[in-house]
Amino acid sequence: YEKASGEILYKGRNLYREYRKMQYEIGYVPQPNLLRESDSTYKTLENALNKKLKVSSKYEKEQLVMNALRLFGLTNQRDTVVSQLSGGEKKRLSTACEYITGPSLFFLDEPDSGLDAASSEQLMKELRHVANEGKIILVISHSPNRVSQYFDQVIVLAKGQQDNIGHLAFSGTP
């Protein structure tokens, strides 16, 4: 939301200068739930697909939605109204809404906040599957100890006493 003073390069391209061209390569899942509570899980995914991709084939749409349901463990909740989903299911559905459009780079802002340990681990396993497809997953988390085994690289930021902003404290493997 807020432009940094540096550059963000992805595949050699400047994110700030070329954002319009790159926006569909990027998926962003914010911390708060932005789902419509009255839609079904299936309809939510279908709407996400229709907003970002032009898929004319009804069969192809069905395949993309069913694949996202399967990957994020939501097949049994296909017809469930979003308001009836658990917190973990809503987090997985929010992530699936971004996944379904095929971005190669995902930003997830505290996807495990408010989740119990088992739900958090399940979500991180699903994100690991997405990463194994060759996609880059960036997760902001305040409880990395619960899920660090699913990450290839870790960046730890710590607030500076002088300026109260995040500074690089560690970068490397878990």
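The values are calculated or read from the model by the stated rules, or taken from the named source; none is laboratory data. Since the model is a prediction, treat every value here as computed from it, not as a measurement. Methodologically, a virtual Cβ is constructed for each residue, glycine included, from the backbone with ideal geometry; neighbour enumeration extends over all protein chains shown. The accessibility values were calculated without ligands, DNA or RNA, using every heavy atom of the protein model including side chains. Shrake-Rupley method; radii C 1.70, N 1.55, O 1.52, S 1.80 Å.
Computed over the chain, the Cα gyration tensor eigenvalues convert (square root of 5λ each) into semi-axes of 29, 21, 15 Å, ordered from largest to smallest.
In this entry, segment 93-174 is assigned a mean projected area of 6.0 nm², taken as a quarter of its C-alpha convex hull surface.
The shape of segment 44-140 comes out oblate: with a ≥ b ≥ c from the C-alpha gyration tensor, a/c is at least 1.5 while a/b does not beat b/c. For the chain, the share of DSSP beta bridges that are antiparallel, to the nearest 5, is 50%. Separation of segment 56-81 and segment 93-132, taken as the distance between their Cα centroids, equals 16 angstrom.
Using a probe of 1.4 angstrom and keeping all protein chains present, the accessible surface of the chain works out to 62 square angstrom per residue.
What is the helix-to-structure angle for 58-71, meaning the angle in degrees between its Cα long axis and the longest Cα principal axis of the chain, kept from 0 to 90 and rounded to the nearest 10? Tilt of helix 58-71: around 50 degrees. Atom-type composition of the exposed protein surface of the chain places 51 percent of the accessible area on carbon and sulfur (1.4 angstrom probe). Determine, from the Cβ-Cβ distance of S104 and E7 and an R0 of 25 Å, the FRET efficiency 1/(1 + (r/R0)^6), rounded to the nearest 0.05. So the FRET efficiency works out to roughly 0.85. Pairs K91/K159; K51/K125; K135/K159; K90/K125; K58/K91: which exceed 19 Å Cα-Cα? Going by Cα-Cα distance, K91/K159; K51/K125; K135/K159; K58/K91 fall outside the 19 Å limit.
The angle between the Cα long axis of helix 87-99 and the longest principal axis of the Cα atoms of the chain comes to about 90 degrees, rounded to the nearest 10. Between K125 and K54, what is the label-to-label distance in nm when each label sits 7 Å out along the Cα-to-Cβ direction? Between K125 and K54, the label points sit 4.0 nm apart. Counting only chymotrypsin sites (Phe, Trp or Tyr not before Pro) that DSSP places in a loop and that have at most 15 other Cβ atoms within 10 Å, the longest clean stretch of the chain runs over 17-174.
In terms of packing, defined here as the mean over residues of other Cβ atoms within 10 angstrom, the peptides 29-36, 155-162 line up highest first as 29-36, 155-162.
Once segment 60-101 is represented by equal point scatterers at the alpha-carbon sites, with solvent omitted, what log10 I(q)/I(0) does the Debye formula produce at q = 0.13, 0.29, 0.33 Å⁻¹? Results for segment 60-101 at q = 0.13, 0.29, 0.33 Å⁻¹ read -0.23, -1.07, -1.27.
What fraction of the Cα pairs in segment 1-93, stated in percent, has a spacing above 17 angstrom? In whole percent, the long-distance tail amounts to 59.
On alpha carbon coordinates alone, what is the Rg over Rh value for segment 6-55, Rh being the Kirkwood radius? In segment 6-55, Rg relative to Rh is 1.10.
For the chain, the relative contact order works out to 21 percent when only alpha carbon pairs closer than 8 Å and six or more residues apart are counted.
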